[in-house]
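The values are calculated or read from the model by the stated rules, or taken from the named source; none is laboratory data. What you see is a predicted model, and the numbers here were worked out from it, not measured in a lab. Neighbour counts run over all protein chains shown; Cβ positions are idealised from the backbone, glycine included.
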Amino acid sequence: MWQIAFDRSTRLLCAMAAVASMAGAAFAQQSPPPGSGFADPNGAAQRPVLRDADAVYRRPSIDTLATVRKRGTLRVGIAANDPAVMHDANRAPIGLSIDIARRLGEDMGVAVEFVETSWSHVVPDLLNQHFDLIISGMWVTPTRALVMNFTQPTASEGVYLFANKKLAAGMKNAADFNRPEVKLVVYGGTMQELLAKRDFPNATLVVVTGDASHLTPVMDGSAHAALIPTFAPSAVVSAAPDSLFLPLGDKPVASTSTAIAMRKGDPDMLNYLNTVLEFHRDSGWLGERARYWSAELTKAR
């Protein structure tokens, strides 16, 4: 029915050199899957990178809510992230985040313009005002919260252990993966890295950054397993049934929240977004959309 970018779960956090001066360390970001087709529309060389994160606070305050309503268009930054952001057969964006953005536009009485970018650029692009909001299934982290404001959660995802069928054959419980000879893939600076150190302290961590894929080392047999957040773990396995399995079954190691991200210094917009999300959560619409796209992703795989 549609062409869905391979591997929802490889979009984890990468080091953000653009805002490193703010936190004293790189800011983690999700990354797109291999072959997702999500290109940087303006080109990295044409896009100014925010080197001094403190400059965010020196900028004049912007009333995003008033600006968007006057403009008549809400500009939303998106990056590949199944099932939050996918493409149909005509390359039009679809997914949970797309539904949320369109519903937000309806509530505000404005059109919605989707600005496609990459996970390596999405945070600097927001800070440099290439769009108004990030609605892309972005995971909430303390480092990101230093330079952006997050709304209430839009969804909650489980963090699952995915393993290589051949390399991890016979390994069926968490203790089997908590050994020095086991290589466990995580993204640097993420909750998944903290979980790995907490629950698998004896495993050898394979830390990836940037736009590298979580699953590539697992699928090519250079690592035993990876910790990956996802709405639909069975869909990830069904995309590569000869290579992957869920040694812990459908039991997640932990959970992580996704939210809408926006620039700091704009309490009116943040309050409005939280009001809208609370309304649609209470009505059941948010939960229904999350279940719908989880099921659709599983069917498509």
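Things worth noting here:
- Of the criteria (1) surrounded by fewer than 21 Cβ atoms within 10 Å (Cβ to Cβ); (2) more than 12 Å from the chain's Cα centre (by Cα); (3) closer than 29 Å to ALA254 by Cβ, which one ASN90 fails: (3)
- GLU106 vs. criteria over 16 Å from the mean Cα position of the chain (by Cα), part of a strand (DSSP E or B) and more than 16 Å from LEU270 (Cα to Cα): no
- The sole residue among THR258, THR275 that is outside any loop (DSSP other than H, G, I, E, B), closer than 19 Å to VAL76 by Cβ and under 19 Å from the mean Cα position of the chain (by Cα) is THR258.
- Residue in the stretch 70-85 that is in the same structural domain as ARG281 (by TED's automatic domain parsing), touching a Leu at 6+ places or on another chain (Cβ under 9 Å), crowded, with 23+ Cβ neighbours inside 10 Å and of a type in the set (Gly, Ala, Ser) present: yes
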